[in-house]
Amino acid sequence: MINGPTEVANGSSTGGPALLVDNNEVDENALKIEAANTTAAAVDIAANALTSGPALNISTTATNDTAGSLVKITQSGSRAGSAASVGLDIDFNTVANANAVAFNIDSEQTTGKVANIDASAITTGKGVTIDVSGLTTGKGFEVYSDSSSTSSHKVVSITQDNAAATAGTALAVQSDGGATGVLIDKNASGTAAQ
């Protein structure tokens, strides 16, 4: 047991990690942190000298067919009230870089779902909100496909599936400025074009 602050110092030419945890106990945590923090971060990583490396790298080569998560974030307590508690907060301040991406998913899946948001408990709230009030020549939301497949498919599909929702609207567009509310530019030709 260690009581009090502890520092692990690693020289610039040691050729190994400053701290290595080698755990062979398959059903216990390799590293567990129990923190009574209130206003300070339980884990704080400052990597101000980074160039092409990641500040945090989590990877697995497992191929077993078992349901699980590579990363799991759980807020199990109901934080009732009006405070803006956030499950995952990304504050990305890179400005003048057209190739920068604040959140990126690179998936090799051919079936299933690349991203899934389950907001089925929402009643008066909103499932997803995107605020792009600073737009000039950009786009608030873009879905792009260059698929050459001749099979029947949809680039965007919106479904209101409950017949009892007689006052529900599948798609609402409100445009308070500009000459165009909805623009459809259909460039296909031939007998199959509709």
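Look at Ala98 and say whether it is at pLDDT below 95 and in a loop (DSSP other than H, G, I, E, B).
It is true that Ala98 is at pLDDT below 95 and in a loop (DSSP other than H, G, I, E, B).
Could you list, in sequence order, the residues of region 81-119 that are open to solvent by 100 Å² or more (accessible area, probe 1.4 Å) and under 22 Å from Ser69 (Cα atoms)?
Within region 81-119, Leu88, Asp89, Phe103, Asn104, Asp106, Glu108, Thr110, Thr111, Lys113, Asn116, Ile117, Asp118 qualify.
So how many residues does region 1-18 have that are of a type in the set (S, T, N, Q) and farther than 24 Å from Ala35 by Cα? Let's see the steps before the verdict.
Of the residues in region 1-18, the ones of a type in the set (S, T, N, Q) are 3, 6, 10, 12-14.
From what's left, farther than 24 Å from Ala35 by Cα: 10, 12-14.
The total comes to 4.
Can you spot a residue in region 142-155 that is open to solvent by 80 Å² or more (accessible area, probe 1.4 Å) and closer than 20 Å to Phe103 by Cα?
Looking through region 142-155, at least one residue is open to solvent by 80 Å² or more (accessible area, probe 1.4 Å) and closer than 20 Å to Phe103 by Cα.
I need the full set of residues from region 168-194 which are open to solvent by less than 100 Å² (accessible area, probe 1.4 Å) and of a type in the set (Gly, Ala, Ser), in order please.
Correct list: Gly168, Ala170, Ala172, Ser175, Gly177, Gly178, Gly181, Ala188, Gly190, Ala192, Ala193.
Please tell me if Thr14 is closer than 26 Å to Ile90 by Cβ and at pLDDT below 95. Show your work before the answer.
Numbers: closer than 26 Å to Ile90 by Cβ: no; at pLDDT below 95: yes.
In short, no.
Within 17 Å of the chain's Cα centre (by Cα), open to solvent by 100 Å² or more (accessible area, probe 1.4 Å) and either at pLDDT 95 or above or of a type in the set (Phe, Trp, Tyr) (or both), is that true of Leu70?
Against the criterion (within 17 Å of the chain's Cα centre (by Cα), open to solvent by 100 Å² or more (accessible area, probe 1.4 Å) and either at pLDDT 95 or above or of a type in the set (Phe, Trp, Tyr) (or both)), Leu70 does not qualify.
Got a number for residues in region 133-145 being modelled with pLDDT under 95 and among the aliphatic types (A, V, I, L, M)?
1
Look through Thr169, Thr180 and report the one residue that is without any contact (Cβ under 8 Å) to a residue 24 or more places away in the chain and under 28 Å from the mean Cα position of the chain (by Cα). Lay out the reasoning, then the answer.
Details: Thr180 fails: under 28 Å from the mean Cα position of the chain (by Cα).
Answer to the check: Thr169.
Filter region 10-44 for residues that are open to solvent by less than 100 Å² (accessible area, probe 1.4 Å) and within 30 Å of Ala100 (Cα to Cα) and give the result.
Those that are open to solvent by less than 100 Å² (accessible area, probe 1.4 Å) and within 30 Å of Ala100 (Cα to Cα): Pro17, Ala40, Ala41, Ala42, Val43.
The values are calculated or read from the model by the stated rules, or taken from the named source; none is laboratory data. All figures in this text were calculated on a predicted structure; none of them were measured in a lab. Cβ: placed from backbone, ideal geometry, glycine included. Neighbour counts: every protein chain shown. Just the protein is used for accessible areas: all its heavy atoms, side chains included, with ligands, DNA and RNA removed. Shrake-Rupley method; radii C 1.70, N 1.55, O 1.52, S 1.80 Å.
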